[in-house]
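Reading through the C-alpha cells given below for one structure.
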Amino acid sequence: MNSKKSTITFIVNPISGTRSKEALPGLIAATLDDSRFEWRILYTEYAGHASELARQCVSEGVDIVAAVGGDGTVNEVARSLVQTPTALAIVPSGSGNGLARHLCLPIDMRRSLEIISHRQIEAFDYGIINDLPFFCTCGMGFDAFISLKFAEAGKRGPATYVENVLKEGLKYKPETYEVIDDTGTHRYKAFLIACANASQYGNNAYIAPGATMKDGQMDVIIMEPFDVLDAPQIAADLFMKTLGNNSKIKTFRTSHLHIHRAEAGAIHYDGDPIMTGPDIDVSIEHLGLRIVTNPEATEDPAQPNPVLNAFSDLFNNINNVREDIEKSGRRIQVINKLMLRKLSKL
C-alpha cells in the first residue's frame, strides 16, 4: 500500500444527471481516511470550466482529479490530464456514464468513493478526432446527428436515447465516405461511422462490445444503410452486445484513419456534437491517461432492462405485422406508432 498522503480534487458539475450531489462532502469525509488523503471540492460554473480547473490541478501537482458528473464532465477533466502524472477518477452521476460503465466502476456515489480510496491506478488509451480528445467513442453520420438530438432533448436517459435512435433513424439519409487506413482507401455508403476506444456509448448501449482501452487501437464500426424493418433489431443489438453479428455492420481495428465526406457536417466526441469540415482524422494515443480503477472490476450482474424488453416486444410485434407493413404505403408511420407505444410505458 502506498504510504504517501494523496491529494485529491473533486471537480463537480452541479447540473449533470438527475441525482443531487448535496451528500457528496459528507460521503467523502466518511469514506476517505484523513491520514491517507487530503481533498477539496471545486464546482464548475460554465461549459469548459472543468477543463480549466483540471489544468490548474495539474500545475499544482495534485495526485488525483475526480470528475463528478456525466460523460461530458469526464471528457472535460480527462482532456486536461492526458500525458501528465495526474490520474483521473470518476464519480459517475450523469445520464449515460459510458466510461465508468466500461471500466466497471459502480454507478453509486459511496461505492465509487470506496474505489478511489484503494488508489489503484492504471494507464489507458485515449483517442483524438480533429484535435479533440475522446475517451469512449467518436463518430459521424447518424452517430453525430443523434448526439445533436439527444443534446436537444428535454429528457435524458436510455428511453430518450432509444426513442431518438428509432424515430430519427427511419428518416436519416446515409452518406458516402472515403476511408483511408493502413490497408488503403475504401469507399462506404454508411448510416454511421463510429470509432470506439471503449465499448459503449453509455446506458449500456454497446457499439463495440470487444473494445479495450489498452491495445493502442480503436474499433471502427461502419453501419450500412438498412431497411426500416431492420431498425428495432439493430437498436436491440446495441443493448445485447450482439451488434457485431448483424449483417449491416462492418468492423475493423486500426490506430489511425482519415475520413473524407462530400461536405461539412456534425461529428461527436463522447457524445458532444460539433460541426466540422469534410475531412476527419482519428487516432489513438497509447496508454496516455492514468485512471483510478476498480481492483475488483467485474461487470454488474444482469439486471432487468426495460428498454431491452421494450425492443424485444417491439421486434416481435413488427415480425407479426411484417406482411401488412410491407404492403402498406405507411411503413414509417406503423413503426413509429409501435415504437412510441412501447417507450411510453417505460
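The values are calculated or read from the model by the stated rules, or taken from the named source; none is laboratory data. For clarity, every value in this text was computed on a predicted model and none was experimentally measured. Cβ: placed from backbone, ideal geometry, glycine included. Neighbour counts: every protein chain shown. To get the accessible areas, we keep the full protein, side chains included, count just its heavy atoms, and leave off ligands, DNA and RNA. Shrake-Rupley method; radii C 1.70, N 1.55, O 1.52, S 1.80 Å.
Please go through segment 2-54 and pick out each residue that is among the acidic types (Asp, Glu) and touching a Cys at 6+ places or on another chain (Cβ under 9 Å).
Our first condition is that a residue be among the acidic types (Asp, Glu); within segment 2-54, this holds for 22, 33-34, 38, 45, 52.
Passing the criteria: none in range.
Does segment 41-59 include one or more residues that are among the polar types (S, T, N, Q), touching a strand residue (DSSP E or B) at 6+ places or on another chain (Cβ under 8 Å) and in a loop (DSSP other than H, G, I, E, B)? Before you say what the answer is, go through the steps one by one.
Our first condition is that a residue be among the polar types (S, T, N, Q); within segment 41-59, this holds for 44, 51, 56, 59.
Those still in the list that are touching a strand residue (DSSP E or B) at 6+ places or on another chain (Cβ under 8 Å) too: 44.
Now narrow it down to the ones that are in a loop (DSSP other than H, G, I, E, B): 44.
Yes, the conditions are met somewhere in segment 41-59.
For every residue, the table says whether it meets (1) surrounded by 17 or more Cβ atoms within 10 Å (Cβ to Cβ); (2) over 19 Å from the mean Cα position of the chain (by Cα); (3) more than 24 Å from PRO209 (Cβ to Cβ); (4) touching a residue at least 60 places away in the same chain (Cβ under 8 Å).
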| residue | (1), (2), (3), (4) |
| --- | --- |
| ALA231 | yes, yes, no, yes |
| ALA236 | yes, no, no, yes |
| PHE239 | yes, no, no, yes |
| HIS260 | no, yes, yes, yes |
| TYR269 | yes, no, no, yes |
| ASP272 | yes, no, no, yes |
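Of the residues in segment 204-221, how many are farther than 19 Å from GLU122 by Cβ and open to solvent by less than 10 Å² (accessible area, probe 1.4 Å)?
5
Can you go through GLU175, GLU163 and tell me which one is at pLDDT 85 or above and either over 14 Å from the mean Cα position of the chain (by Cα) or not aliphatic (A, V, I, L, M) (or both)? Walk me through it before giving the result.
On the way: GLU163 fails: at pLDDT 85 or above.
One residue alone meets the criteria, GLU175.
Inside segment 1-40, can you point out the residues that are polar (S, T, N, Q) and assigned to a loop (DSSP other than H, G, I, E, B)? Show your work before the answer.
To start, the set of residues in segment 1-40 that are polar (S, T, N, Q) comprises 2-3, 6-7, 9, 13, 16, 18, 20, 31, 35.
Passing the criteria: ASN2, SER3, ASN13, SER16, THR18, SER20, SER35.
If I filter segment 174-190 for residues that are touching a residue at least 60 places away in the same chain (Cβ under 8 Å) and in contact with a helix residue (DSSP H, G or I) (Cβ under 7 Å, 6 or more places away or on another chain), do I get at least one hit?
no
Note down all Cβ pairs under 8 Å where the first residue falls in segment 76-88 and is closer than 18 Å to ASN294 by Cα, the second is of a type in the set (Ser, Thr, Tyr), and they're at least six residues apart or on different chains.
ALA78/TYR126
Say whether the condition of being among the hydroxyl-bearing types (Ser, Thr, Tyr), part of a helix (DSSP H, G or I), in contact with a helix residue (DSSP H, G or I) (Cβ under 7 Å, 6 or more places away or on another chain) and buried (at least 18 other Cβ atoms within 10 Å of the Cβ) is met by at least one residue in segment 72-86. First the steps, then the outcome.
Taking segment 72-86 as the starting set, the residues that turn out to be among the hydroxyl-bearing types (Ser, Thr, Tyr) are 73, 80, 84, 86.
With part of a helix (DSSP H, G or I) added as a condition, the list becomes 73.
Within this subset, residues satisfying the condition of being in contact with a helix residue (DSSP H, G or I) (Cβ under 7 Å, 6 or more places away or on another chain) are 73.
From what is left, the residues that are buried (at least 18 other Cβ atoms within 10 Å of the Cβ) are 73.
Yes, some residue in segment 72-86 is among the hydroxyl-bearing types (Ser, Thr, Tyr), part of a helix (DSSP H, G or I), in contact with a helix residue (DSSP H, G or I) (Cβ under 7 Å, 6 or more places away or on another chain) and buried (at least 18 other Cβ atoms within 10 Å of the Cβ).
Just one of the numbered conditions (1) farther than 23 Å from PRO85 by Cβ; (2) in contact (Cβ under 8 Å) with a residue 60 or more places away in the chain; (3) surrounded by fewer than 22 Cβ atoms within 10 Å (Cβ to Cβ); (4) not hydroxyl-bearing (Ser, Thr, Tyr) is not true of ASN13; which one?
It fails just one condition, (3).
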